[in-house]
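Novice: Below are the structure tokens for one structure; questions will follow.
The values are calculated or read from the model by the stated rules, or taken from the named source; none is laboratory data. No experiment lies behind these values; they were computed from the predicted model shown. Cβ coordinates were reconstructed from backbone atoms using ideal geometry, including for glycine residues, and neighbour counts include every protein chain displayed.
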Amino acid sequence: MASARPGAGAPPARPPRRAVARLRAGWAQRGLLPALPAQLRTPAPEGRRRPLAAWFGARGPAGARGSVVAAAAGGGGGGRRARGSAAARRGRVRPGALGLRAGRPGMRPGRVREALQRRLPAAAAGPDARPGAGHVRLRLRQLHGARLPPGRAQPHPLPRPGAGPRGPVSSPRPRRLPPRGRRRRSNLNINDVLGNYSLTLVDALDTLAIMGNSSEFQKAVKLVINTVSFDKDSTVQVFEATIRVLGSLLSAHRIITDSKQPFGDMTIKDYDNELLHMAHDLAVRLLPAFENTKTGIPYPRVNLKTGVPPDSNNETCTAGAGSLLVEFGILSRLLGDPTFEWVARRAVKALWNLRSNDTGLLGNVVNIQTGHWVGKQSGLGAGLDSFYEYLLKSYILFGEKEDLEMFNAAYQSIQNYLRRGREACNEGEGDPPLYVNVNMFSGQLMNTWIDSLQAFFPGLQVLIGDVEDAICLHAFYYAIWKRYGALPERYNWQLQAPDVLFYPLRPELVESTYLLYQATKNPFYLHVGMDILQSLEKYTKVRCGYATLHHVIDKSKEDRMESFFLSETCKYLYLLFDEENPVHKSGTRYMFTTEGHIISVDKHLRESPWKEFFSEDEGQEQQGKFVHRPKSHELKVINSSSNCNRVPDERRYSLPLKSIYMRQIDQMVGLV
Ligand code: DMJ
């Protein structure tokens, strides 16, 4: 596959990603950087594009890119890509040359530990150092005064011009756009999501596969490989780039390389792991977000070429900073490089440790340097949604018990403080259950709106088997949809009116509808899907796509179709009606990322040779806090039709929620 990537080979004017290069070159110098898996190290045969080198434009000696390449490629391996700057030469780790790479696949943990100890300076190991990774890490921490990746050295802190609070901190919310020609680069809210890297094309890849459209999938993959570059002076949100781009590249890579090819022939001729390399490239460009943060919670934005912008905001939303583990973990496990999983996991734990002692709840906005909660609102929608989702999904994918424990404790706090209304969804008296926004410290109600992002929660409840409760919350959101033919971004349940009026084609209600249908096989959910489909056709369809609704009442539109419309909304709708799709057929097990990308759940992703090093925070991670340890919910196997067949007929062909309760909800949103 010939590379037509623009700019390949042209060294950029200034050494980009210096921070990462220095950080990783340092690790490599100490022999602590794992190499790429063998198949990625093998130089490409003559005439074929060379992995990484082509993308990074690493060519000549002393090319500024060299250091980055060496660093980003996992410390070398393929000789050519490591040639270049001094840093690269220092950082190069030829396979076998040092015989030591922390977490190198196949290396016994004991050997890694011994090797680490051999490499530690005597002072670092200390006179009392016993053979044991914990001690080694402890000594390192004492020396460097910071939590480090196991056995790794402290990165040189880079001088960073004073960062001050500025700009938005959470997911951008669409605004009414001026016509295309008049959009300005300075419009952060728009451009830091779009990224200038063919976002919609990338985000939609696995949707094409799921639809069984192999020719379009292959065409789109080739287009991505040949035209998409991350070597851009573009400032992006770390969270959005991760879930929309990184996640999609990894998902498509897994589809292409799946030996079973359940969706038809999705293989690509001469495929040389290009999408995986691209994912690696992008992730390395995101890594500076995790540097120079006192808490380990990442900066919300990075420039793909230059790192964290000098005027960067020190505040981030919890979901944005704490929902990177699925994609970063997959990447680490595919590459055999713990770096990515380690930084993402450190961020999750840092946030987790900041939860309230009294309620166990987290806020929605936090200062990454002080750990101070700037936004004390706790809820299930914007700012927190995917944080909870990824605790559970990380467990499903990687099988790390600590993720399930955190999820269960969080779920318990959610039930204790956010859930209002009667106890059982389908029984008893009182208001229907609803999850509200409260103060994280007191549990007191903060406002009377719910947002449309929260509609994902019934889907998550299906995954843990809390289907009854999911039915009620879903019914509430469906009633709002019926009233407006869309979901307003915020709905005020007390005023029975929208607080924020736009609808950017979000998928959450469809996602929950699909998962509830899989769990119950109740045709009611097909009816809901049909209703949603018809409203989308009626109110949002335009000549070349589907448009954001600017106003759910007057149905005016915006010139914007979010990439998640194809990657999630359409995908879930399609899957809802495609009974035979391999995604939910017996015998296959897929998990959806928060952006709707499918990842097959298999044992290879549960392998992490570095696992024991990740438990470095043991004993201190809870910092004396009471850890809720409710009985583990039994995890249902997602997408297994055998589970669904157990739903008794009388539940399957009646309304999932008793009609009196349905009516009650309709009344609550002013439908009757
Ligand atoms: C998607 O980008 C993801 O689902 C994210 O987690 C939050 N929601 C948007 C779509 O609404």
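Novice: Quick one: which of S251, S259 is over 12 Å from A209 (Cβ atoms) and hydroxyl-bearing (S, T, Y)? Spell out how you get there, then give the answer.
Specialist: On the way: S251 fails: over 12 Å from A209 (Cβ atoms).
The conditions single out S259.
Novice: Considering only the stretch 560-605, how many residues are more than 16 Å from the ligand (Cβ to nearest atom) and part of a strand (DSSP E or B)? Don't jump to the end; show me each part of the working.
Specialist: Step one: of the stretch 560-605, the residues more than 16 Å from the ligand (Cβ to nearest atom) are 574, 576-590, 600-605.
Applying the additional criterion that residues be part of a strand (DSSP E or B) yields 590, 600.
Looking only at that region, the number is 2.
Novice: Shifting gears a bit: Which one of E634, E618, E579, E650 is surrounded by fewer than 18 Cβ atoms within 10 Å (Cβ to Cβ) and modelled with pLDDT of 75 or more?
Specialist: Details: E634 fails: modelled with pLDDT of 75 or more; E618 fails: modelled with pLDDT of 75 or more; E650 fails: modelled with pLDDT of 75 or more.
Among E634, E618, E579, E650, only E579 is surrounded by fewer than 18 Cβ atoms within 10 Å (Cβ to Cβ) and modelled with pLDDT of 75 or more.
Novice: In addition: Residues V374, V436: which one is more than 16 Å from the ligand (Cβ to nearest atom), among the β-branched types (V, I, T), crowded, with 20+ Cβ neighbours inside 10 Å and modelled with pLDDT of 95 or more?
Specialist: Result of the check over V374, V436: V436.
Novice: Which ones in the stretch 333-350 are more than 16 Å from the ligand (Cβ to nearest atom) and among the β-branched types (V, I, T)?
Specialist: Result: T339, V343.
Novice: Do we find that L391 is part of a helix (DSSP H, G or I) and either within 14 Å of the ligand (Cβ to nearest atom) or under 21 Å from G596 (Cα atoms) (or both) in this structure?
Specialist: Values: part of a helix (DSSP H, G or I): yes; either within 14 Å of the ligand (Cβ to nearest atom) or under 21 Å from G596 (Cα atoms) (or both): yes.
Spelling it out, L391 is indeed part of a helix (DSSP H, G or I) and either within 14 Å of the ligand (Cβ to nearest atom) or under 21 Å from G596 (Cα atoms) (or both).
Novice: Okay, moving on. Quick one: which of Y590, Y572 is touching a residue at least 60 places away in the same chain (Cβ under 8 Å) and either touching a strand residue (DSSP E or B) at 6+ places or on another chain (Cβ under 7 Å) or crowded, with 19+ Cβ neighbours inside 10 Å (or both)?
Specialist: Details: Y590 fails: touching a residue at least 60 places away in the same chain (Cβ under 8 Å).
On inspection, the qualifying residue turns out to be Y572.
Novice: Can you say whether K538 is buried (at least 23 other Cβ atoms within 10 Å of the Cβ) and either basic (K, R) or assigned to a helix (DSSP H, G or I) (or both), as far as the supplied structure shows? Please lay out each step first, then the result.
Specialist: On the way: buried (at least 23 other Cβ atoms within 10 Å of the Cβ): no; either basic (K, R) or assigned to a helix (DSSP H, G or I) (or both): yes.
Answer is no for this residue.
Novice: Shifting gears a bit: Quick check on V348: is it in contact with a helix residue (DSSP H, G or I) (Cβ under 6 Å, 6 or more places away or on another chain) and of a type in the set (A, V, I, L, M)?
Specialist: Yes.
Novice: Take I464 and tell me if it is more than 16 Å from the ligand (Cβ to nearest atom), β-branched (V, I, T), touching a residue at least 40 places away in the same chain (Cβ under 8 Å) and more than 24 Å from Q664 (Cβ to Cβ). Spell out how you get there, then give the answer.
Specialist: Values: more than 16 Å from the ligand (Cβ to nearest atom): yes; β-branched (V, I, T): yes; touching a residue at least 40 places away in the same chain (Cβ under 8 Å): yes; more than 24 Å from Q664 (Cβ to Cβ): yes.
The answer is yes for I464.
Novice: If you scan the stretch 228-261, which residues turn out to be part of a helix (DSSP H, G or I), of a type in the set (A, V, I, L, M) and within 16 Å of the ligand (Cβ to nearest atom)? So that I can check it myself, show each step before the final result.
Specialist: To start, the set of residues in the stretch 228-261 that are part of a helix (DSSP H, G or I) comprises 238-257.
Pick out the ones that are also of a type in the set (A, V, I, L, M) and you get 238, 241, 243, 245-246, 249-250, 252, 255-256.
Residues satisfying the conditions are V238, A241, I243, V245, L246, L249, L250.
Novice: Separate question: Are any of the residues in the stretch 262-280 within 17 Å of T594 (Cβ to Cβ), at pLDDT 95 or above and either among the hydrophobic types (A, V, I, L, M, F, W, C) or assigned to a helix (DSSP H, G or I) (or both)? Show your work before the answer.
Specialist: Let us first name the residues in the stretch 262-280 that are within 17 Å of T594 (Cβ to Cβ), namely 279.
Right, trim to at pLDDT 95 or above and you get 279.
Within this subset, residues satisfying the condition of being either among the hydrophobic types (A, V, I, L, M, F, W, C) or assigned to a helix (DSSP H, G or I) (or both) are 279.
Yes: one or more hits.
Novice: Please tell me if I471 is within 16 Å of the ligand (Cβ to nearest atom) and under 30 Å from L671 (Cα atoms). Even if it seems obvious, please write down each step before you answer.
Specialist: Details: within 16 Å of the ligand (Cβ to nearest atom): no; under 30 Å from L671 (Cα atoms): yes.
No: the conditions fail for I471.
Novice: Report the residue count in the stretch 260-310 for those that are among the acidic types (D, E) and free of Cβ contacts under 8 Å to residues at least 12 places away in the same chain.
Specialist: We begin by selecting, within the stretch 260-310, every residue among the acidic types (D, E); these are 265, 270, 272, 274, 281, 291.
Then keep just the ones that are free of Cβ contacts under 8 Å to residues at least 12 places away in the same chain; that gives none.
Residues flagged as among the acidic types (D, E) and free of Cβ contacts under 8 Å to residues at least 12 places away in the same chain within the stretch 260-310 amount to 0.
Novice: Let me ask you something else. What tally of residues in the stretch 475-534 results from selecting those that are among the polar types (S, T, N, Q), under 15 Å from V552 (Cβ atoms) and within 13 Å of the ligand (Cβ to nearest atom)? Explain how you work it out, then say what you get.
Specialist: Step one: of the stretch 475-534, the residues among the polar types (S, T, N, Q) are 492, 494, 496, 512-513, 518, 520, 522, 534.
Right, trim to under 15 Å from V552 (Cβ atoms) and you get 492, 496.
Going one step further and asking which of them are within 13 Å of the ligand (Cβ to nearest atom), we end up with none.
Selection size over the stretch 475-534: 0.
Novice: Follow-up. I'm trying to understand the selection: among the residues of the stretch 203-227, which are touching a residue at least 60 places away in the same chain (Cβ under 8 Å) and either assigned to a loop (DSSP other than H, G, I, E, B) or within 18 Å of the chain's Cα centre (by Cα) (or both)?
Specialist: Within the stretch 203-227, D203, A204, D206, T207, M211 meet the criteria.
Novice: Further question on the same structure: Tell me, yes or no, whether the stretch 379-396 has at least one residue that is farther than 17 Å from A470 by Cβ and out of contact with any helix residue (DSSP H, G or I) (no Cβ under 8 Å at 6 or more places or on another chain).
Specialist: no
Novice: Residue check: is G443 over 30 Å from V583 (Cα atoms) and touching a helix residue (DSSP H, G or I) at 6+ places or on another chain (Cβ under 9 Å)?
Specialist: Working: over 30 Å from V583 (Cα atoms): yes; touching a helix residue (DSSP H, G or I) at 6+ places or on another chain (Cβ under 9 Å): yes.
Against the criterion (over 30 Å from V583 (Cα atoms) and touching a helix residue (DSSP H, G or I) at 6+ places or on another chain (Cβ under 9 Å)), G443 qualifies.
Novice: So which of N426, N408, N447 ends up being at pLDDT below 95 and either part of a loop (DSSP other than H, G, I, E, B) or under 30 Å from I330 (Cβ atoms) (or both)? Talk me through it step by step, then tell me what you get.
Specialist: Numbers: N408 fails: at pLDDT below 95; N447 fails: at pLDDT below 95.
None of the others qualify; the one that does is N426.
Novice: Scanning for something more than 16 Å from the ligand (Cβ to nearest atom), of a type in the set (F, W, Y) and surrounded by 24 or more Cβ atoms within 10 Å (Cβ to Cβ), does the stretch 351-361 turn up at least one residue?
Specialist: Among the residues of the stretch 351-361, not one is more than 16 Å from the ligand (Cβ to nearest atom), of a type in the set (F, W, Y) and surrounded by 24 or more Cβ atoms within 10 Å (Cβ to Cβ), which makes the answer no.
Novice: Of (1) closer than 22 Å to L460 by Cβ; (2) away from the ligand (no atom under 15 Å from the Cβ), S608 satisfies all except one. Which?
Specialist: Evaluating S608 over (1) closer than 22 Å to L460 by Cβ; (2) away from the ligand (no atom under 15 Å from the Cβ) leaves (1) as the failure.
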